[in-house]
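Okay, so here's the structure we're looking at.
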Amino acid sequence: NSGNNNLILSNNVICSGSLTMTSGNIITGSNILKLTPTTVASLIYTSGTIIGKFNRGIASTGADYLFPIGTSSYYAPATFNFTTISALNITAAFIASPPGIINPPYTDGNLLNNTFQEGYWHFTSSLAPLNTYTLTLTGNGFTSYVIDADTRITGRNNSSTNWQAFGSHGTVTNQT
């Protein structure tokens, strides 16, 4: 798609080569955009946002796998970098609605009892998450609370309504 126009998918789309994003958004609706090559270089990203579900294959350690997801108003990318891995596929989406409350609140040294109301990231994996990885999230447009050193990434498994602390938390820089 040329220019700053949006590309709207009417079906699931499988990209078996390189996906180049230079401008405009890709709106998947209820469909999935799937990038099958497992190399980081299979996504060539300059600009734009995938609004909806984006699936990509991952097979390398020590490489930043970008998921350029978000909304029509805000780019909210996620990046995975695996220390150990078995080849897998991850589907990512940014859901622009409140994630709900933390019930019950949990603590990882700090009591966590609020969630950002602007939205949340949703990930599914083709394998159980037994791999070691770093996850970097950017909350552009998040204003319900200040993103600061006390901000934490929380999560919950599909089978649970309880929020949990997964892994250890790193540093906060601006909205990331």
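The values are calculated or read from the model by the stated rules, or taken from the named source; none is laboratory data. Quick caveat, the model's predicted, so the values are computed rather than measured. Ideal geometry is used to build each Cβ from the backbone, glycine not excepted, and the neighbour counts take in all protein chains shown. Side chains are part of the model used for accessible areas, which takes the heavy atoms of the whole protein and leaves out ligands, DNA and RNA. Shrake-Rupley method; radii C 1.70, N 1.55, O 1.52, S 1.80 Å.
Please sort 132-145, 69-82 by packing, taking for each peptide the average over its residues of neighbouring beta carbons within 10 angstrom, highest first.
69-82, 132-145
Provide the per-residue ³J(HN,Hα) series for segment 65-79, in order, calculated from phi with Karplus coefficients 6.51, -1.76, 1.60 and θ = phi - 60°, each as a whole number of Hz, with x at glycine and proline positions.
9, 7, 10, x, 9, x, 10, 5, 9, 9, 8, 10, x, 10, 10
Using a Förster distance of 22 Å, how high is the FRET efficiency between ASP64 and THR143, based on the Cβ-Cβ distance and rounded to 0.05?
Details: r = 27 Å, r/R0 = 1.22.
Step by step, r from the Cβ atoms, then E = 0.25.
Quick query: amide H of TYR45 versus all other amide H atoms, modeled in the peptide plane; which residues come in under 5 Å with a sequence gap of 5 or more or a different chain?
MET21
Can you pull the one-decimal nm distance between simple spin-label points at ILE153 and ILE95, each 7 Å off the Cα toward Cβ?
Taking the simple label geometry, ILE153 and ILE95 are separated by 1.7 nm.
Which order do you get for ILE147, ILE50 if you rank them by accessible area with a 1.4 Å probe, largest at the top?
From most accessible down to least: ILE147, ILE50.
Quick one: if you stick a label point 7 Å off each Cα along the C-beta vector at THR39 and THR136, how many nm between them?
Between THR39 and THR136, the label points sit 2.2 nm apart.
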